[in-house]
Amino acid sequence: MTVLGLETSCDETAAAVVSGVPGRPGTIRANLVLSQFDEHAPYGGVVPEIAARAHIDHLDSLIASALREAGLGLNDVDAIAATAGPGLVGGLMVGLVTGKALAFAAQKPFVAVNHLEAHALTARLVSGTQFPYLVLLVSGGHCQLLEARGVGDYTLLGTTLDDAVGEAFDKTAKLLGLGYPGGPHVEKWARKGDAKRFDLPRPMKGRPGADFSFAGLKTALRQTVTKLVPLTETDLADAAASFQLAVADAIEDRTRNAMRMMRERAGTGDPIPFVVAGGVAANAALRERLETLAQAEGFDLTAPPMALCTDNAAMIAWAGVERVAIGSTDTLDASPRPRWPLADLTAD
Ligand code: ATP
Ligand code: FE
Ligand code: MG
């Protein structure tokens, strides 16, 4: 089965063509992403109206390029999938309306994809990971631990009570004046810094459950940094390193609890797949910690390649493959869903 996927939920305009059968790794035939990085950089964050306009400007030509690269015409694909949520409503409308128009014109099934489900299913596209598995989704908009039991069947084990972890990285970079998007800058500076210099809180650490919180950490860092102004390069590096270590400690603690919850439910000692997804999964220090944790808890870590961890349309097309395979397609009156928690999904 071959699916054309469209992604426009945030600040990446993306189109991709993917072929495959659920349960086995798929084939990515084209995967084009246009990041609107330059458009938003002057504002230090995503501006919804600018994002929606940029999607309108670029999506059509991106789709044409993706089909060309795959060597296919619209009539050769079996279905069309577009992100319907969660995300910014203007962008969602652009992708959704485009996808529905193409599906109507070519008389193909249409799938309104949940962006979070697409992140969660990416490991199946890449490695054919079998259900059930644990997902840690760490991105600019989310910080969640989920048990994936099947397509449309997710149990939320924990989520952030305030900021997403990528957002915390971005705000920290802004506070320290390191640049946007923040994650890669914080990581680069952290490598040169002393992570033990500032004693920052590890929010939620030691508490039962698997929820996250990053607001307190952000405030503590701001108070620490304010006292030091003007900041030297050493101060910046030490602050970045101390922040990153606090985040890694917190995520490790929460993930360990989620692993134990899932282990208890599984009722066996067999290895359980553990998938890390989202832009923050690019962080090497975090990956290392999670690798060690997974080994200690009997989990097999899979982290999709970076280009498939951040927002892309290959994951949307793959979610389409999975959904079409179980007969779960949508009508052309599917509407955008800016808020659409994974736990609300079904396999229908
Ligand atoms: P969502 O997928 O939840 O809608 P999003 O599209 O903003 O949100 P992604 O594109 O998956 O999220 O990831 C972007 C986030 O990842 C940004 O917050 C960015 O700072 C963060 N990030 C990227 N690289 C790194 C890194 N090396 N270390 C830490 N954070 C990183
Ligand atoms: Fe995303
Ligand atoms: Mg993004």
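Give the residue that is surrounded by the fewest Cβ atoms within 10 Å (Cβ to Cβ), with candidates limited to residues of region 137-175 that are more than 16 Å from ligand 3 (Cβ to nearest atom) and hydrophobic (A, V, I, L, M, F, W, C). Among those that are more than 16 Å from ligand 3 (Cβ to nearest atom) and hydrophobic (A, V, I, L, M, F, W, C), it is 161. Suppose the filter is away from ligand 2 (no atom under 16 Å from the Cβ), of a type in the set (A, V, I, L, M), in contact (Cβ under 8 Å) with a residue 12 or more places away in the chain and surrounded by 15 or more Cβ atoms within 10 Å (Cβ to Cβ); does residue 303 pass it? Criteria not met by residue 303.
Looking only at region 330-348, filter to residues that are outside any loop (DSSP other than H, G, I, E, B) and either without any contact (Cβ under 8 Å) to a residue 24 or more places away in the chain or not aliphatic (A, V, I, L, M) (or both); which one of those is surrounded by the most Cβ atoms within 10 Å (Cβ to Cβ)?
Quick first cut of region 330-348, residues outside any loop (DSSP other than H, G, I, E, B) only: 330, 342-344.
Retained after the next criterion (residues that are either without any contact (Cβ under 8 Å) to a residue 24 or more places away in the chain or not aliphatic (A, V, I, L, M) (or both)): 330, 344.
Numbers: 330: 20, 344: 12.
That would be 330.
Tell me which residues, restricted to region 56-108, are surrounded by fewer than 22 Cβ atoms within 10 Å (Cβ to Cβ) and of a type in the set (S, T, N, Q). Within region 56-108, 61, 65, 75, 98, 107 meet the criteria. Of all residues in region 153-193, those being assigned to a loop (DSSP other than H, G, I, E, B) and either at pLDDT below 95 or under 16 Å from residue 231 (Cβ atoms) (or both) number 7. Note on region 25-55: among residues that are of a type in the set (S, T, N, Q) and either more than 16 Å from ligand 2 (Cβ to nearest atom) or modelled with pLDDT of 95 or more (or both), the one that is surrounded by the most Cβ atoms within 10 Å (Cβ to Cβ) is 31.
Looking only at region 278-289, decide whether some residue is in a loop (DSSP other than H, G, I, E, B), under 17 Å from residue 139 (Cβ atoms), touching a Leu at 6+ places or on another chain (Cβ under 6 Å) and not acidic (Asp, Glu). Yes, that holds for at least one residue.
Residue check: residue 296 meets all listed conditions (1) within 16 Å of ligand 2 (Cβ to nearest atom); (2) not in a loop (DSSP other than H, G, I, E, B) but one, namely (1).
Pairs are defined by a Cβ separation below 9 Å, a sequence spacing of at least 6 or placement on different chains, a first member in region 37-64 that is assigned by TED's automatic domain parsing to the domain that holds residue 87 and within 16 Å of ligand 3 (Cβ to nearest atom), and a second member that is among the basic types (Lys, Arg) and in a helix (DSSP H, G or I); the pairs so defined are 39/53; 44/174; 45/174.
Please determine whether any residue of region 255-266 is under 20 Å from residue 128 (Cβ atoms), aliphatic (A, V, I, L, M) and surrounded by fewer than 22 Cβ atoms within 10 Å (Cβ to Cβ). Scanning region 255-266 turns up at least one residue that is under 20 Å from residue 128 (Cβ atoms), aliphatic (A, V, I, L, M) and surrounded by fewer than 22 Cβ atoms within 10 Å (Cβ to Cβ).
If you go through region 6-30 and pick out every residue that is over 16 Å from the mean Cα position of the chain (by Cα) and of a type outside the set (A, V, I, L, M), you end up with 9. Taking residues in region 306-325 that are crowded, with 24+ Cβ neighbours inside 10 Å, and partners anywhere that are among the acidic types (Asp, Glu), the pairs with Cβ atoms closer than 7 Å and at least 6 places apart or on different chains are 311/7; 311/12; 312/7; 313/7; 316/7; 319/117.
Would you check if residue 22 is within 16 Å of ligand 2 (Cβ to nearest atom), modelled with pLDDT of 85 or more, surrounded by fewer than 21 Cβ atoms within 10 Å (Cβ to Cβ) and assigned by TED's automatic domain parsing to the domain that holds residue 87?
Numbers: within 16 Å of ligand 2 (Cβ to nearest atom): no; modelled with pLDDT of 85 or more: yes; surrounded by fewer than 21 Cβ atoms within 10 Å (Cβ to Cβ): yes; assigned by TED's automatic domain parsing to the domain that holds residue 87: yes.
Judged against the criteria, residue 22 is not a match.
Against the test of being away from ligand 2 (no atom under 16 Å from the Cβ) and part of a loop (DSSP other than H, G, I, E, B), the options 270, 253 yield a single qualifying residue, 270. Residue 289 meets each of the listed conditions (1) in contact (Cβ under 8 Å) with a residue 12 or more places away in the chain; (2) over 16 Å from residue 115 (Cβ atoms); (3) away from ligand 1 (no atom under 16 Å from the Cβ); (4) over 18 Å from the mean Cα position of the chain (by Cα) apart from (3).
The values are calculated or read from the model by the stated rules, or taken from the named source; none is laboratory data. Because the structure is a prediction, the values reported are computed rather than measured. Glycine gets a Cβ as well: all are built from the backbone with ideal geometry, and neighbour counts include every protein chain shown.
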